[in-house]
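Here the structure comes first, spelled out in structure tokens, and everything after it is commentary.
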Amino acid sequence: MYALKLELKLNNSERTRMARHAGYARFCYNLARTLYLGVMDIKVSRTRKIALIKKTFTNFIKKQPEYQWTNTLSSRVYQNAFRAFNNALERFLKGRGGFPNFKRKKSGDSFTVDSSNGPVFLRAGNRIKIPTMGTFRLKEAIGYNCCSQTFTISRTADKWYVSFTIKADKIPPLYHSVSETIGIDLGVSTFATLSDGTVYQLPNSLKKAKIKLGKLQYRNRNKQLGNRKLGIKASTNAQKFYRNQAKQHADIAQGRRDFLQKTTTEISQKYAHIRIEDLNISGMLANHKLASSVVDSGFYEFRRFLTYKSPIYGTVVELVDRWYPSSKTCSSCSHVQPMPLQARMFVCESCGNNCNRDLNAAINLASVPKDRVRMASPELTPVE
Ligand SMILES: [Zn+2]
């Protein structure tokens, strides 16, 4: 299983159509919630209740003149919206979440359609035929022929995406040009340093975009998006600012994801055996101050991408015990010495070895003893 998320290239009428379908999905989900509360105390199984609600919707509500508009939209939307509500309900009943909330417009636009008679064939190229919705242009092409059944269309800022999972082996078996173990050190000043000296730097455009966003936020620091309780309406300028801010946030996130995807694919294709530090990410995320820098720098996603790509490219990804002093050890004579955070060079007090801090750490990660290493397991699915 492999997930693809591709940006759609829509014209205005297509955008409107997508937004209407998203609204329809929201309407169905909320309707299912309301109707469910009405039948909650009836003594039949949950599956029966959901079936009952669905029947009421198709045979009664959809036929009312004020709901005629639902007949102009894809019927797979409501099927999937009911399914989504059922799944949310199941999570709630299993104690894995609260009772499903109403979906509100501000929680975003998205809807799911599927093909009711099995997977559909998707031809490689920059067009996609989405079941019951029609054919749309794509910003980037599908690279190979494949099949899929369920399609989710979603909006982030002003961009629309289609995502789906494919069952094909995406990449044919590969030959890695480097079979020796490679260590990767992740850092703030240099994003990734490999023990063979290769470095990956976050693109400058991304850094610039971040600075630009920071300035924009500072200049507009007093703008408020209204306050319903106090009856204050958002000004046109405030609305404009928030829209713009959302777009820039989305652009930066997309840019970072592109960079991480590209980098991890390149690494997974080239190196057969990869070792990275096992950052205590959940611990770091719990620490509020560190959290934003960890999420922001993409360490977490970098590790996640490398791990989920390992079965696809046939790489071995190992995590090094996070207490292993990779930056304090000399990569030449194994002497351990204190290493101040700001020092960029490792100068060994014992053998005089002089090495870049990140490179020294990366070499140590590559040659770490076996008992301080564990296999990384792809605990997360590749779906964004
Ligand atoms: Zn040394």
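See the values below:
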read-out: Per-bin percent of Cα-Cα distances, the chain [10 Å]; value: 4, 17, 24, 24, 18, 9, 3, 1, 0
read-out: Partner aspartates and glutamates for Lys5 [C-alpha distance under 14 Å; skip if fewer than 8 residues away on the same chain]; value: Glu140, Asp258, Glu384
read-out: Among the listed pairs Lys94/Lys129; Lys9/Lys106; Lys129/Lys270; Lys208/Lys262; Lys49/Lys159; Lys9/Lys94, those beyond 29 Å (Cα-Cα); value: Lys94/Lys129; Lys129/Lys270; Lys49/Lys159; Lys9/Lys94
read-out: Pairwise centroid distance, computed over Cα atoms, of the stretch 88-161 with the stretch 205-263, Å; value: 25 Å
read-out: Order of Glu180, Glu277 under a 10 Å beta carbon neighbour criterion, fewest first; value: Glu180, Glu277
read-out: Linear extension gain, Arg322 paired with Val39, 0.36 nm per residue minus alpha-carbon span; value: 96.7 nm
read-out: Computed lengthening from Tyr242 to Lys139, 0.36 nm per intervening residue step minus Cα-Cα distance; value: 34.5 nm
read-out: Average silhouette area of the stretch 1-170, convex hull of alpha-carbon atoms, in square nanometres; value: 11.1 nm²
read-out: With Cα atoms, 0 to 90° folded angle of helix 12-39 axis to the chain main axis; value: 70 degrees
read-out: Rounded, prolate or oblate (a/c below 1.5 giving rounded, otherwise prolate when a/b exceeds b/c) for the stretch 144-225 by Cα gyration tensor; value: oblate
read-out: Amide H partners (placed H, <5 Å) of Val373, local residues excluded; value: Asp321
read-out: Fewest-first ranking of His21, His249, using other Cβ atoms within 10 Å as the exposure measure; value: His249, His21
read-out: Fluctuation leader among Lys63, Lys106, Lys270 - the chain, Gaussian network, Cα springs under 10 angstrom; value: Lys106
read-out: Around Thr152: net Lys/Arg minus Asp/Glu count, Cβ-Cβ under 10 Å; value: 0
read-out: Contour excess over end-to-end distance, with Cα ends at Asn87 and Val120 and 0.36 nm allotted per residue; value: 9.5 nm
read-out: Principal-axis tilt of helix 75-93 within the chain, Cα atoms, nearest 10 degrees; value: 60 degrees
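Read the figures in this text as sums done on the coordinates, not as results from a lab. Given the structure is predicted, the values throughout are model-derived calculations rather than measurements. FYI the Cβ positions are ideal-geometry reconstructions off the backbone, even for glycines, and counts take in every protein chain you see.
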